[in-house]
Every structure is written in structure tokens, then in C-alpha cells.
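Input: a single structure, listed below in C-alpha cells.
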Amino acid sequence: MRGLPPGPAAPAALQTIEWVARPTDLLRRSAARYGEPFTLRTLWADAPMVLVSDPETVKRVYAAPPEALRGGASSTVLEPFAGASSILLTSGAVHLRQRKLVLPPFHGRRMEEHRAAVAALAAAEVARWVPGRPLRTLPRMQELTLDVILRVVLGAPDPALRAAIRAALDMTTSLARLIALSLAPRGSAPWRPFLAAVARVDALLRAAIRARTPADGPAVLDELIAAGATEDELRDQVVTLLAAGHETTAGSLAWALERLARHPVDLSDDAHIDATVKEVLRTRPVLSITARKVLQPYRLGAYTLPPGVYVAPCLYLAHRRAGSWPDPTAFRPQRFLDGAPEPFSFVPFGGGVRRCLGASFAALEMREVLRAVAARFELRPDRPQGERMRRRSVTLAPARGASIIPVTR
Ligand code: HEM
């Protein structure tokens with residue numbers, strides 16, 4: 001039984017630089033050269049990572065019990081931000097208890113309560129767009145999705161807290177800084193400005209938690225307080241929701257606008273809006289992998305992966321398999337109206353006990369924003385060629401910030 005599948009022979013430092021600077025090239029090239037599964041070695045994780053994308057294997061990985069494959073963030077630049085008791089980092093019984101607590105406010109009827117607030121914020125944002133003037137939409141979508149998640153989690157948004165969160169996250173977007181953070185030990189010089197920015201977020205957030213009164217309107221924070229969470233736990237859970245819930249949705253929305261400017265879709269009914277959201281998440285998954293740490297020897301075809309390494313369903317490659325998706329790189333929302341995709345071929349939110357907690361909420365938010373845009377504008381590209389996928393901290397965002405020209409309809 002062999003150990004690790006083949007993969008690029010370059011040293012881990014070089015693979016890390018490529019993982020940051022040209023992630024999709026690295027994924028495509030490795031899949032073409034080594035087939036699947038293949039192994040990448042980067043300094044983002046503390047061990048080699050074995051990538052898989054065929055639906056049967058993806059299903060099996062997501063279904064594995066946490067004693068065999070443990071989910072949750074590996075060592076990423078968001079770790080000091082999220083905090084030790086963050087739902088992203090816990091596992092087993094503690095993790096399940098946290099999910100039970102945080103999931104309900106983001107699902108079903110409870111989520112519907114947020115729809116009007118999301119629609120109002122989206123309409124106000126789109127009303128600021130100037131017809132005919134080119135617009136970089138990624139920063140606009142970041143502001144919007146941060147406002148939405150602040151309102152849902154904390155009630156009334158505090159402008160100072162909002163600015164501090166953006167300042168901390170913006171520090172993880174420059175390629176040079178990301179590479180420095182990935183290569184340097186935590187606490188060394190490249191980390192200091194980032195850790196100082198995180199400390200500022202912490203101070204403002206703890207003040208907001210202490211000052212919280214239900215008179216400010218309903219907020220997820222009240223439910224966490226009622227469940228008896230300590231201030232440290234509250235801090236970690238709230239930061240996690242704010243960070244996980246806004247950068248991902250902002251990137252996905254920016255991609256939606258970038259794609260729609262080049263491939264117009266009639267968004268006058270709910271079915272087409274929903275199919276468009278799905279096609280954006282398929283063709284431009286902002287999170288490219290969902291890693292699981294191997295805790296017990298794990299069989300993968302001809303290989304037995306040793307404990308300590310990672311096995312990672314690769315969403316980017318799963319969403320472009322020719323066997324699952326005819327003409328995989330074409331942007332064609334209609335494919336989601338023609339029938340349901342093969343199970344586990346479409347996994348933009350991951351799966352199993354770690355599946356994205358905000359999946360329904362994120363889709364609702366995307367639908368509301370696209371509805372607000374389509375009510376006022378048609379979108380045109382500022383240049384004919386589509387934008388490349390570029391890493392912004394852990395997400396893959398449009399390289400030129402999703403630049404479009406809104407035109408009055
Ligand atoms: C389009 C937007 C979004 C995308 C593409 C996305 C995608 C993902 C993915 C791929 C994962 C990892 C799943 C796995 O490992 O199997 C994840 C986890 C998570 N997401 Fe999202 N997400 C989005 C929006 C949101 C929002 C709005 C929230 C909060 C309201 C949120 C909260 C979380 C949390 C808390 C986790 C960790 C779950 C756990 O470890 O148990 N996400 N997300």
C-alpha cells in the first residue's frame with residue numbers, strides 16, 4: 001500500500017508562493033500532470049495535503065467520522081483572528097454543541113426575518129452607483145456584506161468596529177504580505193501589524209458585547225449570551241461569523257457581477273436568480289478546498305494516507321470535471337434549471353458536520369443583491385476578457401476587483 005500520491009516536486013516554500021500568487025494554475029496544472037489524487041506541500045498547512053475531486057471520494061470524505069478525519073481550519077492567516085474557541089477550530093462534541101447554537105438563527109423561518117433588512121441595504125448600495133461610470137464592485141460588496149452580517153450578529157453596527165475589521169482583513173490581501181505571513185513564524189516582525197489590528201478589533205468588540213442591550217433590536221449575539229457563553233467564547237464566535245460571513249459572500253457577489261457583465265442573464269424571475277447564484281458558486285468557488293486532517297490511516301484507492309496529513313476535497317476542480325459538467329468552464333445558469341447536479345459534484349459550501357453554517361443565508365443575501373442590481377441596471381464589462389482568480393487571504397477573488405459599468409435599464 002503506497003503512502004502519498006504524486007505531486008509537484010518543488011520545495012514547499014515555492015509551492016506556497018504559487019498557492020498564494022497563482023492558485024488556480026497550480027491546481028489545474030497538478031491535476032493535468034499527476035491525475036487524482038495528487039499531493040501539494042505548502043507552508044499554509046503543517047503537513048502535505050492530498051487533493052481529491054471525484055464525487056464518490058468527496059462524499060466519502062465528508063461522511064467520515066471526526067475521529068477518522070477532523071475538519072476545521074488548519075493553520076491559516078485567519079487563525080489569530082478567529083480565536084481558540086472559534087467554531088472553525090474546535091472539533092468533536094464541543095464543535096457540535098457550538099453548531100447547534102449558531103445554526104438556527106441562520107436557517108428557515110428565522111433567516112427569512114433578515115430578508116427585508118438585507119434587501120434594504122442592497123437597494124441603498126445600488127442606489128449609489130452612477131450610471132455609465134466604471135465601478136470596482138469588490139470593495140462595494142465587502143462594505144455591504146459586512147454591514148449585513150454586523151446587523152444580523154450584533155444588531156446596530158458600530159462604525160469604529162466596522163472600520164477596524166476591514167483594516168485587519170485588508171492586511172491579509174497584499175500578495176507580498178500574504179507570502180511573508182505564510183513563511184514567517186507567528187509573532188515575528190511581519191506578523192506584528194496584523195496582530196495589532198486584531199487586538200484593536202478585540203477591544204472594540206468586547207466593548208460592544210458589554211454594552212449590548214436587547215433594546216438595540218434582535219441579534220444573534222443575544223442567543224449566544226442566553227446560552228451562557230463566556231466573554232472569550234462570545235468574542236471568538238462573533239469574530240468568526242463576521243469574518244466567515246462577509247469576505248466569502250462579498251467575493252461571490254463580486255464574481256456574480258463580473259460574470260453577469262460578460263454573460264447577461266434575464267433576472268426577472270426567482271428561478272433564474274437562484275440558478276445564476278449557483279452557477280457563480282460553481283464556476284468561481286471563493287474557497288477552493290475544504291481540508292480534513294487524517295487521524296487514522298485512510299484508504300484512498302491504491303494509497304493509505306498516514307495520520308497527520310490532510311485530505312482535501314477541491315471545490316475548484318470538482319466544479320470543473322467534464323464528467324459532471326458538460327462544457328465545464330462555460331457560464332450557463334440554465335444547467336441548474338435543466339435538472340439537479342450529480343450528488344457531491346456541486347459543493348461550494350463543503351459538506352458533512354463542517355458544512356458552511358451560513359449557506360442558506362449567503363444564498364439569500366446573494367439573491368437579494370442580484371435582484372436589487374437587476375431592478376436598476378444592466379451590467380457591461382470594462383474590458384472584454386474575464387478577470388483572473390486571485391487570492392485575497394483565504395478566498396479567491398476577481399483580480400481587478402470585479403470592475404463593471406452599470407447602465408440604466
Ligand atoms: C457565498 C458565501 C459563502 C461561501 C462560498 C462559504 C463557504 C464555506 C465553506 C466551503 C466552508 C467549509 C465547509 C467544510 O469544511 O466542509 C464554510 C464554513 C463555514 N462558514 Fe461559510 N461560506 C459562505 C458564507 C457564510 C456566511 C454568510 C456565514 C455566516 C453567517 C458563514 C459561516 C461559516 C462557518 C461558521 C463555517 C464553519 C463551519 C464549521 O466548521 O462547522 N459562511 N463556508
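The values are calculated or read from the model by the stated rules, or taken from the named source; none is laboratory data. The structure displayed is predicted, hence computed values, not measured ones. Every residue, glycine among them, receives a Cβ derived from its backbone with ideal geometry; neighbour counts consider all protein chains shown. With ligands, DNA and RNA removed, areas are computed over all heavy atoms of the protein, side chains included. Shrake-Rupley method; radii C 1.70, N 1.55, O 1.52, S 1.80 Å.
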Practice problem: Read through the list (1) in contact with a strand residue (DSSP E or B) (Cβ under 7 Å, 6 or more places away or on another chain); (2) open to solvent by less than 50 Å² (accessible area, probe 1.4 Å); (3) away from the ligand (no atom under 16 Å from the Cβ), then give the number of the only condition that ASP382 fails. | Solution: (2)
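Let's see how each residue does on (1) within 13 Å of the ligand (Cβ to nearest atom); (2) over 27 Å from GLU56 (Cβ atoms); (3) in a loop (DSSP other than H, G, I, E, B); (4) touching a Lys or Arg at 6+ places or on another chain (Cβ under 9 Å):
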residue: ALA340; (1), (2), (3), (4): no, no, yes, no
residue: PHE344; (1), (2), (3), (4): yes, no, yes, yes
residue: PHE349; (1), (2), (3), (4): yes, no, yes, yes
residue: VAL353; (1), (2), (3), (4): yes, no, no, yes
residue: LEU357; (1), (2), (3), (4): yes, no, yes, yes
residue: ALA362; (1), (2), (3), (4): yes, no, no, no
residue: MET366; (1), (2), (3), (4): yes, yes, no, no
residue: LEU370; (1), (2), (3), (4): yes, yes, no, no
residue: ALA374; (1), (2), (3), (4): no, yes, no, yes
Exercise. Can you tell me which residue among ALA227, ALA243, ALA211 is more than 17 Å from VAL373 (Cα to Cα), out of contact with any helix residue (DSSP H, G or I) (no Cβ under 7 Å at 6 or more places or on another chain) and open to solvent by 10 Å² or more (accessible area, probe 1.4 Å)?
Key: ALA211
Quiz item: Give me the pairs: first residue in region 148-168 and without any contact (Cβ under 8 Å) to a residue 12 or more places away in the chain, second residue within 16 Å of the ligand (Cβ to nearest atom) and among the hydrophobic types (A, V, I, L, M, F, W, C), beta-carbon distance under 9 Å, and six or more apart or on different chains, which are they?
Solution: PRO157/LEU146; PRO157/LEU150
Quiz item: For region 246-270, which residues satisfy the criterion of being of a type in the set (A, V, I, L, M) and touching a helix residue (DSSP H, G or I) at 6+ places or on another chain (Cβ under 6 Å)?
Solution: ALA250, LEU253, ALA254, ALA256, LEU257, VAL265, LEU267
Exercise. Among the helices (runs of 4 or more DSSP H) lying completely within region 83-137, list those that include at least 2 residues that are among the hydrophobic types (A, V, I, L, M, F, W, C) and under 30 Å from ALA291 (Cβ atoms).
Key: 92-102
Quiz item: Can you name the condition, by its number, that LEU267 falls short on among (1) within 30 Å of PRO381 (Cα to Cα); (2) over 22 Å from the mean Cα position of the chain (by Cα); (3) open to solvent by 30 Å² or more (accessible area, probe 1.4 Å)?
Solution: (3)
Self-check item: Check on PHE336, modelled with pLDDT of 95 or more, of a type in the set (A, V, I, L, M, F, W, C), in a loop (DSSP other than H, G, I, E, B) and surrounded by fewer than 22 Cβ atoms within 10 Å (Cβ to Cβ)
Solution: no
Quiz prompt | Extreme residue, nearest to GLY72 (Cα to Cα), among residues of region 357-371 that are over 14 Å from the mean Cα position of the chain (by Cα) and surrounded by fewer than 23 Cβ atoms within 10 Å (Cβ to Cβ) | solution = LEU364
Exercise. At least 1 residues that are free of Cβ contacts under 8 Å to residues at least 12 places away in the same chain and either more than 16 Å from the ligand (Cβ to nearest atom) or within 29 Å of VAL102 (Cβ to Cβ) (or both) in each: list the helices (runs of 4 or more DSSP H) lying fully within region 217-333 that qualify.
Key: 220-226
Practice problem: Being surrounded by fewer than 18 Cβ atoms within 10 Å (Cβ to Cβ), in contact with a helix residue (DSSP H, G or I) (Cβ under 7 Å, 6 or more places away or on another chain) and on the phi < 0 side of the Ramachandran plot narrows it down to one of ARG97, ARG110, ARG140, ARG133, so name that one. | Solution: ARG110
